[in-house]
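What follows is one structure encoded as C-alpha cells, with my remarks underneath.
The values are calculated or read from the model by the stated rules, or taken from the named source; none is laboratory data. All values reported here derive from a predicted model rather than from experimental measurement. A quick note on method: Cβ atoms are made from the backbone with ideal geometry, for glycine too, and the neighbour counts reach across all protein chains shown. Note: areas computed on protein heavy atoms with side chains; ligands, DNA, RNA excluded. Shrake-Rupley method; radii C 1.70, N 1.55, O 1.52, S 1.80 Å.
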Amino acid sequence: MKEVILIKGGYIVDPGNGREGVFDILVEKGKIVKIEKNIKDEGHKLIDAGGKFILPGLVDMHCHLREPGREDEETLLSGSLAGIKGGVTTLCCMPNTEPAIDNQGVVEFIYLENRKIKLIDIYPVGAITKKREGKELAEIGELKKAGVIALSDDGNSVMDSEVMRRAMEYSKMFDLLVISHCEDTNLSRGGLMNEGYRASFLGLKGIPPEAETIMVARDIKLAKLTKAKLHIAHLSCKESVELIRQAKREGIKVTCETCPHYFSLTEESVLDYNTNCKVNPPLRTEEDKEAIKEGLKDGTIDVIATDHAPHADFEKDVEFSQASFGIIGLETALGIALKELVETKTINLSQLVEKMSFLPSKILGLDKGKLSVGENADLIILDLNKSWKVEKEKIVSKSKNSPFLNWTLPGVVEYVILGEKLLLDNGRLNHFE
Amino acid sequence: MDTDKKTDWTRKDLLGLAELSKEEIELVLDTADSFKEISLRPIKKVPTLRGKTIVLFFVEPSTRTRTSFELAAKRLSADTVSISADTSSMIKGESLKDTAKNIEAMKIDVIVMRHSSSGAPHLLAKAVEASVVNAGDGCHEHPTQALLDLFTIKEKKGKISGLKVSIIGDILHSRVARSNIWGLTKLGAEVTVCGPPTLIPPGMEKFPVKVTYDIKEAIKGADVLNILRIQLERQKSNFFPSLREYAINFGIDRDKLKLAKPDVLIMHPGPINRGVEIFPEVADGPYSVILEQVTNGIAVRMAVLYLVSQERE
C-alpha cells in the first residue's frame, strides 16, 4: 500500500474520543497523522469518503476460530477474511479448539500463525480450566504470560461454583477478565431450543431461560464476593438483562454482551427445523428480544459480539437433534445491528460503534476502538447508502451456517485499514480475490 | 371408491396433522373407509399401487406401525423394502440425508419413515423427490396413528365434532398426543389432556386443549379416553416417583372408569403396560377398541399411501 493515504470528507463517528463530523484523515506509515477539515491533497492515495462513515475498526470480543483442530470449519486466515468483510479488525478467539487454549503452547501457536497471516489482530482467550472441563484451573499465569487477553471456558459452563470462585479470585492477580458462559447444564441438558409452545409444537426438548439466569445470578454473586472483573457472554433473555441492570446499579464489576441473533430473531425462526437457527443459548421469545434491545438502549448491555461459531454443512444438514449448536456472524453482525438497532432508532450509530468497538476494547484493556492522531490507523469506511444481500456463495467464512441467508442488510463496508495494511479496498479483499 | 376426491390431495408428503386442513383429514378418513373393505376379502389385494416401490425406513424400532404399513402397501400391490437403523449404513456413520439420497437413487416412490429425532422426516422430505410419510418422529407427530384413532372414533361414534376426548398420560413425550390434538380439534372435538405436571409440555396452554392434572376431571363425562403408554425409563428421569404411584394416580381402572359416559371408548396406541397406565379389566373390557384401532390402521395407511402416490402422477 502507498505509504500515505488521504481519506477525504468522511463522516467520522468516534465515541471513544467524542468526535463526530465530517473530517479528512491522513494516514502515514500506518499511523493517523492528521484528523482535520480540508487536508490538502498532495498526490497521496486518495480515498473519497464523501457521504460515507468512518468508524474505528470493529472489535469482536467473542468468536470461534476452529484452528487448531477443525481447520475444515474455519482457520485464523479464513476467519480474518470474514472479519475484514464485516469490518472487524480485532477479534478474540474462544478456547474451544482442539487442543483447547488451556496452555502456553496453543496461545503461542495462535500468535505465531497470525504473524504469518498478517491481516487483522487476533487475541486468544485462554481456558479457565484444563480442557475446559470445569474441574481444575488451567495455568492462568502461564496463559497470561503467553498473551491471552481474557479467560473463558466458553461453550462449556463452569458448573462448580467453587471452581468459578477460585478462577475469579485467581485471575485478579493477572488483571484478567473472566468471561462466563452462563448455563446450568442440569436444566438445559438435552435441550435443543427455547422452552415453550414452539418447542412443544415441534416436539423438541426446550431450554428454559432459567438455565441462563440462574448462572447469571450466581456469577454476579461471585463477582461481588471476589471483586473480580466478570463479563457475561451472549445474553439471550429478559431476566438476564434485568439481573445485570440491578448488579450494575449496585456497583458490581460486571459487563456483558449479546449477539445480533438475539435482537433480530426469535424462537419462531426454528419453524421447519431450520438447524441454522440452532444456537446456544437458544433464540428466545419476542419479549426477550425486545428486552435485549432495551438493554442495549439503556447501556445495560455493553457489547455486541458475534459469537461466530462456524460449522461444516455436514454438521448442520442433519436431524435437528444431531445438529451442532452455533451460527456464523462475522460478516453479518454489523449489517444486522444496523438493520435491527440503528434503522429502528433503538440506538444511534455512535452507540453502535461504542458497543462494537470502543467498549469491547476498553473492557479487554486494549488500546483500540478510537481514531486518534499519533495512533495506529484502525478504521473502516462504511457506505450506509448501499445495502447487500447475504448470499451463501459469497460468504467468506469457510462455514455457511447463517440464519440470515437471503436477508438484505444495510451498510456496505468498503474500506478497512489496519496500520499499514489496506485490507479492504473499495469492497475488495486485497490480494485475496 | 370415491375417486372424485383424489384431486383434493396436493401434498407430496404426509409429515403431520398440524399442517393439514380439516378437509384433507376428512379426505384421508373417507378414503380409508373405502379401503377398509379390502382387508375383509378372502384375497386381500387390489392393484391400485402396482409398480410402485415403497421403502419402510425405520430408524427407530417398531413392530406394529412397520407391519401395518407393510401390509397396507402389499394390499395395494406395491413392492416394499424394509430398512432399519441397525441394517443400514447409518450404523457406519452415514448421514440420514446421504442414506436417503442413496435409497432414492434406486428410484423408489414413497419412503415411510420412523425416527427418534423430531423433524427427521421434514429433513428427508426436503432432500428427496419421493413422497415421505411420517411414521412417527421423536416427540413431534405420528400422523397415521392419529388418523386411525380418528377413523376408529368416527366409526364407533358416527361423528367427531362435539365429542369430549381426554388424552391421558405422558403428553410431553408423546407424538401420538400431538397428532391427536391437531386432528381431533380440527374436526371439532373438545380435547382435554391429563397427566402429572412433569409430563405436560411447557406452553401447553397455547394448544387448543384443556389441561388438567386431575384424572377424575379428565374422565368425567368423556366420550373417549385415549390412554398413552408410560415409558418405563421416564421414572428414572424423575418425571414421577414410581410406577406404583403413577398407577394409583393416573392408571385407568374400573373404578375410575365409572365417571366416564356409559358408552365411553377406551383407546390406546400400544404397546400397553397393563397395571400401569391401564388395568387389564379396562384394556380387555367392553369399552376397549384397542385391537380395532390396529385393524383400522391398515385401512388408514392404505389411504395415505394411495393419496401421496396419486399426487405424484
Original post:
In what sequence, highest mean first, do B:209-221, B:13-25, A:281-293 appear when ranked by Cβ atoms within 10 angstrom?
Top reply: A:281-293, B:13-25, B:209-221
**OP:** Name the aspartates and glutamates eligible as straight-distance cross-link partners of A:LYS386: C-alpha to C-alpha under 15 Å, and not fewer than 8 places from it in the same chain.
**Re:** A:GLU343, A:GLU414
Original post:
So, in Å, what gap is there between the alpha-carbon centers of region A:367-390 and region A:225-275?
Top reply: 26
Original post:
Which residues does a label at B:ASP284 reach in region B:201-240, if reach means a backbone N under 14 Å from a point 7 Å past the Cα toward the Cβ?
Top reply: none
**OP:** Give me the net charge of A:LYS29's neighbourhood, meaning all other residues with Cβ under 9 Å from the Cβ of A:LYS29; Lys, Arg count +1, Asp, Glu -1.
**Re:** -2
Original post:
How big is the Rg/Rh ratio for region B:111-229, C-alpha atoms only, Rh by Kirkwood, two decimals?
Top reply: 1.00
Subject >> Segment B:LYS236-B:SER39, extension gain: residue separation times 0.36 nm, minus the distance between their alpha carbons >> reply: 66.7 nm
Subject >> All aspartates and glutamates inside 16 Å of A:LYS144 as judged from Cα atoms, apart from same-chain residues fewer than 8 positions distant >> reply: A:ASP102, A:GLU108, A:ASP153, A:GLU169, A:ASP175
**OP:** For an R0 of 51 angstrom, estimate the FRET efficiency from the Cβ-Cβ distance between A:GLU71 and A:ASP48 and round to the nearest 0.05.
**Re:** 0.85
Original post:
With respect to the cross-link table entries A:LYS172/A:LYS224; A:LYS130/A:LYS248; A:LYS29/A:LYS421; B:LYS216/B:LYS261; A:LYS297/A:LYS355, which display a Cα-Cα separation exceeding 21 Å?
Top reply: A:LYS130/A:LYS248
**OP:** May I ask you to compute the full-extension gain from A:THR344 to A:GLU287, defined as 0.36 nm times their residue separation minus their alpha-carbon distance, rounded to one decimal in nm?
**Re:** 18.9 nm
**OP:** Pop a pseudo-label 7 angstrom from the Cα along the beta-carbon direction at both A:GLU28 and B:SER82 and give the gap in nm to one decimal.
**Re:** 8.4
Original post:
With the dipole of the protein assembly as shown worked out from charges on the C-beta (+1 for Lys and Arg, -1 for Asp and Glu) around the Cα centre, which of B:ASN134, A:PRO56, B:ALA105 lies farthest toward the positive end?
Top reply: B:ASN134
**OP:** For the protein assembly as shown, take the alpha-carbon Rg, divide it by the Kirkwood Rh, and send me Rg/Rh.
**Re:** 1.06
**OP:** Report, as an integer, the average count of C-beta atoms from other chains found within 10 Å of each Cβ along B:134-147.
**Re:** 2
Subject >> Helical mean residue ellipticity (222 nm; -39500 (n - 2.57) per DSSP H run of 4+; nearest 500) of the protein assembly as shown >> reply: -9000 deg cm²/dmol
Original post:
Rounded to the nearest 20 Debye, what is the dipole magnitude of region B:66-214 about its Cα centre when Lys and Arg each give +1 and Asp and Glu each give -1 at the C-beta?
Top reply: 400
Original post:
Hey, what angle do you get for helix A:238-249 against the long axis of chain A, alpha-carbon based, 0 to 90 degrees rounded to 10?
Top reply: 70
Subject >> Cα-based helix-to-principal-axis angle, B:22-36 vs chain B, degrees rounded to 10 >> reply: 80
Subject >> Average other protein chain Cβ within 10 Å of Cβ, residues A:310-322 >> reply: 4
Subject >> Cross-link partners of B:LYS52 among lysines (Cα-Cα below 17 Å; sequence separation of 8 or more within a chain) >> reply: B:LYS12, B:LYS74, B:LYS107
Original post:
Which of A:VAL373, A:ALA333, A:ASN385 sits closest to the plus end of the dipole of region A:329-433, meaning its Cα is farthest towards the positive end, when Lys and Arg get +1 and Asp and Glu get -1 on the C-beta?
Top reply: A:ALA333
Original post:
For region A:235-325, what is the charge dipole size about the Cα centre, in debye to the nearest 20, if Lys and Arg each add +1 at the Cβ and Asp and Glu each add -1 at the Cβ?
Top reply: 460
**OP:** Rank-order A:104-111, A:194-201, B:138-145 by packing density, defined as the average count of other C-beta atoms within 10 Å over each peptide's residues, highest first.
**Re:** B:138-145, A:194-201, A:104-111
Original post:
Within 10 Å of each Cβ of B:199-206, how many other protein chain Cβ atoms are there on average?
Top reply: 4
**OP:** Among DSSP beta bridges lying fully in region A:57-208, give the percent that are antiparallel, nearest 5.
**Re:** 5
Original post:
In degrees between 0 and 90, to the nearest 10, how far off the longest principal axis of chain B does helix B:143-157 point, with axes built from Cα atoms?
Top reply: 60
**OP:** At a 1.4 Å probe radius, which order do B:MET204, A:MET159 fall into by accessible area, largest first?
**Re:** A:MET159, B:MET204
Subject >> Relative contact order of chain A, defined on C-alpha pairs under 8 angstrom at six or more residues apart (%) >> reply: 19
